[in-house]
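FYI, it's all coordinate maths here, none of it is from the lab. It should be emphasised that the depicted structure is a prediction, and the values quoted were computed from it without experimental measurement. Reconstructed Cβ throughout: ideal geometry from the backbone, glycine too, with neighbour counts over all protein chains shown.
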Amino acid sequence: MKQTTNGDWKTWLDVLNAKPVYSTHEHHREAFSQQQLDLDLLFQWSYVGWCGPAPAATYEARTAWLDKIRFNTYYQWLEKAIMRIYGIEELTAGNWDEVSHAIRQAHLADADWHLDLMKRHGGYAGFLEDCFWDTGSDVGYPDFITPVYRLDMWMMGYHPESLTNERTTIHDQFEDQPTFEQYMERFEHELRSRRPSIAGLKCASAYQRTIAFADASRAAAKAVFGKKPSETTEAERNCFGDYMLQVALRIAAELELPVQIHTGLAKLGGSNPLLLEPLVASHPNNQFVLFHGGFPWTYDTAALAHNYDNIVIDINWLPLISTTAAEDALHVYADVLRDSGKIAWGGDTWTGEEAVGASMAFRHILARVCADKVDSGAWRSKDAERFADKIMYENAYKLYQIRR
Ligand SMILES: [Zn+2]
């Protein structure tokens, strides 16, 4: 290893660029979708698309749009990825069509380009897939991709008209309207029978309700089952979801499945990670993975990890949301974690291109944290490299029992 005791983050970036990453969270689309990509669609299927629609196809509109979006870190890392993958210096209104053509041709020429570019330009060694549109799927790449299983459609499934945030329902998997007993039996069977292939469970409730999950009885959940959404109160809907989560947690503990929970952003009023404290405290045998560092409540996540040993902090998405906040949060997490094995990272992206940007953003913040910790005298160089190996891939392999 190079001499890195001078706290030079760019030297650290060279060190980290030579290492692989394993992402704990992606929504990677199938090959046939990736093959439709051009520049405009790439923006639409990225977090840049969350900032508003891509511009009209004129020089003036593109120039104005680039001026508006340029400083946003979703845009910055996607542009850096496009620059790296497609060999350009900058994306401008002048080269827009040319870059778009290059993206389209690369995908059309090779149906596996979306994964090859992740390996080649992002250093990916594999990832966990949260395929919410076909949960449990590895989107056709079992050697590289390991699925996690979504709980949301079960937690929302008290009635066929009650949909998840992605407008899915579990009821399309039932031929007839099930009784509550049949529903619960099928749920348990589903989790157990999926276990050989899935590595974890995922709950994205924060987009629809508060994450202040409470105790709920089977009788109370049964009383909600079958009611039309318009006939239910918020308390009843939450009660049903709480009960389903409770059952999932019992099975997850038994099957040693970590439970990934979206915290922060989403519904801002109900997604503060501290709302999870009663659940975390009352389920010591479950491994709770708090996603996104709970942004903007990154210190609240740190407090939970400080007090409870059944917490894993996952900073997936965070370096894209705010590179500055991610760097700050990672400094704090390294300080407070009771076990340095309980921190991981993921890209949280739909396309190979954005996944490359996410890995670049992650390596950037990690290089800066390593450099700062060494420069301040807190860590030796070899300590920094050890921490990097853990958060980049080793912790994910252990936490999710990934076979290599
Ligand atoms: Zn996600």
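Numbers at a glance
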| quantity | calculated |
| --- | --- |
| DSSP H segments from the chain that extend 27 Å or more along their own axis, Cα-based, with Kyte-Doolittle mean of -0.5 or above | 234-255, 352-375 |
| Sparsely packed chymotrypsin sites (Phe, Trp or Tyr not before Pro) within segment 158-264, loop by DSSP, other Cβ within 10 Å at most 10 | none |
| Contour minus Cα-Cα distance for Lys398 and Lys227 (0.36 nm per residue) | 57.4 nm |
| Cα centroid of segment 304-327 to Cα centroid of segment 208-270, whole Å | 23 Å |
| Sequence-separation-based contact order of the chain, relative, with Cα cut under 8 Å and 6+ spacing, percent | 23 percent |
| Distant-in-sequence amide H partners of Lys202 (H built 1.01 Å from N, under 5 Å) | Tyr149, Arg150, Leu151, Gln260 |
| For the chain, calculated [θ]222 nm from helices alone, where every DSSP H run of n ≥ 4 adds -39500 (n - 2.57) | -14000 deg cm²/dmol |
| Sorted by Cβ density within 10 Å, fewest first, the residues Tyr59, Tyr86, Tyr124 | Tyr59, Tyr86, Tyr124 |
| Estimated translational D of the chain in µm²/s (Stokes, Kirkwood radius over Cα pairs; 25 °C; 0.890 mPa s) | 111 µm²/s |
| Where labels lie 7 Å past Cα in the beta-carbon direction, separation of Tyr59 and Gln182 in nm | 6.5 nm |
| Distance in nm between pseudo-label sites at Asp134 and Asp116 (7 Å out along the Cβ direction from Cα) | 2.2 nm |
| Fully extended contour minus Cα-Cα distance, from Ala253 to Glu236, at 0.36 nm per residue | 3.5 nm |
| Nitroxide proxy distance, nm - points 7 Å out along Cα→Cβ at Asp309 and Gln173 | 3.5 nm |
| Antiparallel content of DSSP bridges confined to the chain, in %, to 5 | 0 percent |
| Under 5 Å, built H, 5+ apart or other chain: amide partners of Val21 | Tyr124, Ala125 |
| Chain lengthening between Arg380 and Arg195 when straightened (0.36 nm per residue, less Cα-Cα) | 62.6 nm |
| Estimated FRET transfer efficiency (Glu89, Leu268; beta-carbon r; R0 51 Å; 0.05) | 0.85 |
| Asp143/Phe32 FRET efficiency (R0 25 Å; Cβ-Cβ; nearest 0.05) | 0.85 |
| Sequence-separation-based contact order of segment 56-101, relative, with Cα cut under 8 Å and 6+ spacing, percent | 40 percent |
